[in-house]
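First comes the structure, then the notes that go with it.
No lab work stands behind these numbers, since they all come straight from the coordinates. Predicted model, so just to flag it, every value in this text is computed and none were measured. Note: ideal-geometry Cβ built from the backbone for every residue, glycine included; neighbour counts use all protein chains shown.
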Amino acid sequence: MTEKAVNNLSQAVLRHAAPLMFLVVLAVFSLLSPRFLAGNNFLNILIQSASTAIVATGMTFVLLTAGIDLSVGSVMFVSAAVAGKMVLGGQPLWLACAAILLTGMLSGAFNALCITWLRIVPFIVTLATLYFGRGLGLWLTETRAMNLPESILRIGSARIAGIPFPVLMLGIVVLAAHLVLTRTSFGRQIYAMGNDADAARKAGIRTNRIQFAVYVISGFCAALGGLVSIAQLGAVSPSFGNQREFAAIAAAVLGGVSLFGGRGSVLPGTLLGALLIQTIENGLVIANADPYLYPLVMSAIIFLAVLLDSLRNQQLRRSQRRIIRPSQKPSHG
Amino acid sequence: MYCGGAGNSEITMKPLLECSQIGKSYFGVSVLRGVKLALAAGSVLGLVGENGAGKSTLMNILGGVTQPDAGSMRLDGSEYIPKTPAEATGYGVAFVHQELNLFTNLSIAENLFIPAFPKNKFGFIDRPQMRTKTAELLRAVSLDISPDTLVESLSPGERQLVEIARALGQNAKLIIFDEPTTSLTSRETDRLFALIERLRAQGIAMIYISHVLPDVFRLCDEMIVLRDGEVVGSGRKDEFTTERLITLMVGRRLDQLYPTRDTQPAPETVMQVSDLSQPGVIEGISFELRRGEVLGIAGLMGAGRTELAHILFGLDPCARGSITINGAEISALSTRERIACGLAFLTENRREEGLLMDAAISDNLALTALPQFTSGALIEQPRLTQAVNQMAASVQIRGGGQHRQPVKTLSGGNQQKVVLGKWLLRNPAVLILDEPTRGVDVGARSEIYRIIHQLAATGAGILFISSEIEELIGVCDRLLVMQRGAIAARFERAEFSREQILGAALQSGEKP
């Protein structure tokens, strides 16, 4: 019985890892620095995490089908580069914004085509588009940073009904994604496909369409995350969006989305994961930590996220092992 | 006899499902020939046959997973040719599988409706409607659980009821049960049987496939026996007895397939297993294996034979018991260390576990023996090549001259010979073979048996797991029969009888 209690406890801890870690992180940093708990610091965290959280939301769709999209950082860069070129070339701002989103969706569609039509493994396809996108962006920008007009920064710092623009975008994306994933046929079919793609096909789900859609969504979210980021920075540097794929995957996985597919949520899951990462970074800054520590802490977080996912999955498999002698089984209800 | 006048149901009701002259072959090997069956609404047809008799193929045809090469089917009076499982569902044919086909990460309600969910006027899933309908269907199968419960938190028996509820939700006219009781407790089984009776009363036709003959007698109105892809017996339940069913299932076959043994097992024990147990998997397994002996393990699918092999080889944990090889205890060792002690394992699934499909024949042969052919860190290529060529000739692999051909281009039988050759290069003390002739043609089978005997002649102990009683009788010196994770019976070669072995493997318990 005690063994069972321990088992139940570890299961509960694994399942609620993200909120538990969030509490621990809050406790640690508030002890380290009193400024951490200041009211507008939390708003700052929310604003700073918006871009990554939006990218991670798109990533969640892909991860739920047991796929992966490594190209999101490069997609951010390419679409920003295209838009930057247009703005500097005198095109209107709204057209540039539309171009960003369109480029993102096209990049996603390219990934999707390679995966569903050419049947290339998602990891390899998106690894290739990661390099391709970065290269294309560098070629477009001639590896120079592009400083964009003031008007863009004004959008970034705008408030609509009192809500900062990045937070508003984040809210819309997360809510829409949550509704799609939990309340639509498409969303539930994504989960079914992540659970067992073969069974999903047999049940009459068009798995190719689902797969196509999730990569387009991921490309769109990457571009939108890029747009929010540009509006905050006012410039596109050659390293724009660099390694953002890791932050996005880490956010989703920390929030409980499984790399093995079929498990996890955007709300609270991925959002909480993204906030957790940003809170840690923010805390490190406020506690005056050595900047060289940041990448080390970041990599530790990614490691922890993947470890948690792996542990959760092992536990799941153990609980689903086939029982040959049912009489030996502990009675159930 | 067949048309004794009393069959009132046959006269008043015309059959719901009618199959005639169904034939199917894979790669020139015929698995179904001239199969004929008829089933009326509100009746239960029991389908029995040994493993490999063609039951699954017949069910796959009914379920739209594969299409027949010959014959025709009629459902409810009109032509029935499902091209996909979804199409079969549309016609009102539903399956309750042995391996359940539910999405464990979704709720019961979602599983009942996927992929076509009811929608509200905003295009979102209409959850209240879905819940109400699900609750109704769950009541019909007497499952008193919230429709929002995730399937992963249900027991196997409850999941099965959910599958039946799904079939009812799809307005199934015909439900096919494939070994439905294998993972159920006795209470869950009773509940399932009560439900089957109720469905029968509602006019739903059912096909019930099972190895548990008493259950088949209890539930079914009519029976049909398949053997080697042909119907060898069919009729009303009262025309059959358990003895007659077993005789029909086993049949009589030619025995020239099996080479004669010219060596005898040696007296000394090479492997000793005592009281090996793992809760929920195997219980109190004890046996000894002598040098040069071929010990067969018979049993039905799911009896725990493969699981036993995995535990012996160190792939799965065991809670208690001991395993020794040549007197050395190995139960605490890793798989690698067990291989070093002389244990070898030919897996059930050679495509996934036993072979590197894209690598050459010679590379596959050399794989496990590599440490024996190295000096320092380098491989002694000439010595290895010589040994590999010798082995390839000895197991008679029909491939390219230098054995550089990828394994995936070989036939099933030749692939299996590569796997055997791979382990033989190591001169194992004990070789575990799990279904070594599955998917292998007759000619190659005979050669595989010859290699097994050849290996036994060199003094290795061989554990031979097979679902075909026929080949166990032909090849083994002694037989263990497993049932529900325990050894149900042991037979010496002199006492081998198909009927008794099958009787022990089936769950009829007291007598065959």
Along segment A:244-256, Karplus-curve 3J(HN,Hα) (6.51, -1.76, 1.60; θ = phi - 60°) to the nearest Hz, with x for Gly and Pro, reads 5, 4, 5, 4, 5, 5, 4, 4, 5, 5, 4, x, x
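Given B:K55/B:K173; B:K14/B:K173; B:K55/B:K133; A:K202/B:K55; A:K202/B:K237; B:K24/B:K173, which pairs have Cα atoms separated by over 23 Å?
Values: B:K55/B:K173 20 Å; B:K14/B:K173 14 Å; B:K55/B:K133 34 Å; A:K202/B:K55 20 Å; A:K202/B:K237 34 Å; B:K24/B:K173 25 Å.
Beyond 23 Å: B:K55/B:K133; A:K202/B:K237; B:K24/B:K173.
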So, in nm, how far is label B:T409 from label B:E492 when the simple model puts each one 7 Å beyond its Cα toward the Cβ? 5.1 nm
What angle do you read, to the nearest 10 degrees and between 0 and 90, between the alpha-carbon axis of helix A:93-116 and the longest principal axis of chain A? 40 degrees
Measuring from the lowest to the highest alpha carbon on each principal axis, how far does segment B:285-358 reach, largest first, in angstroms? 38, 30, 29
Proximal charge balance of B:L17 [Cβ under 10 Å; K/R count +1, D/E count -1]: 0
Relative to the first principal axis of the alpha-carbon coordinates of chain A, what is the inclination of helix A:271-286, with its axis defined by its Cα atoms, in degrees from 0 to 90 and to the nearest 10? 60 degrees
Averaged over all viewing directions, the convex hull of the alpha carbons in segment B:53-197 casts a projected area in nm² of 10.2 nm²
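If N is the number of residues in segment A:13-149, what value comes out of its Cα radius of gyration divided by 2.2 N^0.38 Å? Intermediate values should be presented prior to the final figure.
Details: Rg = 19.1 Å, N = 137, 2.2 N^0.38 = 14.3 Å.
With N residues counted in segment A:13-149, Rg over 2.2 N^0.38 Å equals 1.34.
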Tensor-based shape of segment A:96-225 (alpha-carbon gyration tensor, a/c under 1.5 rounded, otherwise prolate or oblate): oblate
Top of A:L316, A:L308, A:L106 by mean-square fluctuation, Gaussian network on chain A, Cα under 10 Å: A:L316
Binned Cα-Cα distances of segment B:225-372, short to long, each 10 Å bin given as a whole percent: 8, 26, 28, 24, 11, 2, 0
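Semi-axes of segment B:110-167's equivalent ellipsoid from the Cα gyration tensor, sqrt of 5 times each eigenvalue, largest first, rounded to whole Å? Please list the in-between numbers first.
Working: eigenvalues 91, 24, 19 Å².
Here the semi-axes work out to 21, 11, 10 Å.
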Starting from the Cα of A:L138, step 7 Å along the direction of its Cβ; do the same at A:N208; then give the gap between the two resulting points in nm. 3.6 nm
Using only the alpha-carbon atoms, how far is helix B:186-201 inclined from the longest principal axis of chain B? Give it as 0 to 90 degrees, nearest 10. 40 degrees
Percent of alpha carbon pairs in segment B:154-312 separated by more than 21 Å? 64 percent
Provide the three semi-axes, in whole Å and in decreasing order, of the ellipsoid equivalent to segment A:9-91 as defined by the square roots of 5 times the Cα gyration tensor eigenvalues. 34, 23, 8
Can you give me the relative contact order of segment B:69-147 as a percent, contacts being Cα pairs under 8 Å and 6 or more apart? 17 percent
List the residues, sorted by chain then number, that are 5 or more residues from B:V31 or on another chain and whose placed amide H is less than 5 Å from its amide H. B:K24, B:S25, B:Y26
Any residue on another chain or 5+ positions along whose placed amide H is under 5 Å from the amide H of B:E380 is listed here as B:T374, B:S375
Helix-derived [θ] at 222 nm for chain B: sum -39500 (n - 2.57) over DSSP H runs of at least 4, divide by residue count, nearest 500? -9500 deg cm²/dmol
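Among residues other than B:N389 whose Cβ falls under 12 Å from its Cβ, what is the net charge (Lys/Arg +1, Asp/Glu -1)?
On the way: positive: B:R383, B:R404; negative: none.
My count for the surroundings of B:N389 gives +2.
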Estimated FRET transfer efficiency when R0 is 25 angstrom, pair A:A128-B:M357 (beta carbons, to 0.05): 0.50
What the Cα atoms of segment B:287-426 span along the principal axes, largest first and in whole Å, is 47, 39, 26
Search the structure for amide H atoms under 5 Å from the amide H of B:I207, placed 1.01 Å from N in the peptide plane, and list their residues when 5 or more places away or on another chain. B:L45, B:I175, B:I176, B:F177
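What does DSSP give for the protein assembly as shown in terms of the percent of beta bridges that are antiparallel, rounded to the nearest 5?
Details: 48 of 82 bridges.
Around 60 percent antiparallel, to the nearest 5.
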Under the Kirkwood approximation for Rh and a Cα-based Rg, what ratio Rg/Rh is obtained for the protein assembly as shown? 1.02
So if the hydrodynamic radius of segment A:160-309 is defined as the Kirkwood radius over C-alpha pairs, what does Stokes-Einstein give as its diffusion coefficient at 25 °C and 0.890 mPa s, in µm² per second? 143 µm²/s
Using alpha carbon coordinates only, what is the Rg to Rh ratio of segment A:16-63, with Rh defined as the Kirkwood radius? 1.08
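Please compute the volume of the convex hull spanned by the alpha-carbon atoms of chain B and report it per residue in Å³. Numbers along the way, then the final one.
Details: hull volume 93.1 nm³, N = 512.
Roughly 182 Å³ of hull volume per residue.
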What is segment B:446-512's relative contact order, in percent, from Cα pairs under 8 angstrom and six or more apart in sequence? 22 percent
Residue by residue through segment A:178-184, what is 3J(HN,Hα) from phi via Karplus (6.51 cos²θ - 1.76 cosθ + 1.60, θ = phi - 60°)? Round to whole Hz and write x for glycine and proline. 4, 4, 4, 5, 9, 10, 10
Can you give the relative contact order of chain A as a percent, counting alpha carbon pairs under 8 Å and 6+ residues apart? 32 percent
With θ taken as phi - 60° and the coefficients 6.51, -1.76 and 1.60, list the Karplus ³J(HN,Hα) couplings across segment A:214-229 in order, rounded to whole Hz; mark glycine and proline as x. 5, 6, 5, 4, 4, x, 4, 5, 4, 5, 5, x, x, 4, 4, 5
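I need B:D76, B:D477 ordered by Cβ neighbour count within 10 Å, fewest first. Write out the running numbers ahead of the final one.
Numbers: B:D76 15, B:D477 19.
If I rank by nearby Cβ atoms, fewest first, I get B:D76, B:D477.
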Of all DSSP beta bridges in chain B, what percent run antiparallel (nearest 5)? 55 percent
Could you give P(r) for chain A, binned at 20 Å from zero, as whole percent values over all Cα-Cα pairs? 30, 55, 13, 1
Global form of segment B:362-432, assessed from the alpha-carbon gyration tensor, a/c cut-off 1.5: oblate
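Relative to the present Cα-Cα distance, how much length would full extension add between A:Y292 and A:T182 at 0.36 nm per residue of separation?
Numbers: separation 110, 0.36 × 110 = 39.60 nm, distance 4.06 nm.
Here the answer is 35.5 nm.
Counting Lys and Arg as +1 and Asp and Glu as -1, what is the net charge of the other residues whose Cβ lies under 14 Å from the Cβ of B:R478?
Values: positive: B:R261, B:R290, B:R291, B:R490, B:R493; negative: B:E288, B:E293, B:D477, B:E492, B:E495.
Here the charged neighbours net out to 0.
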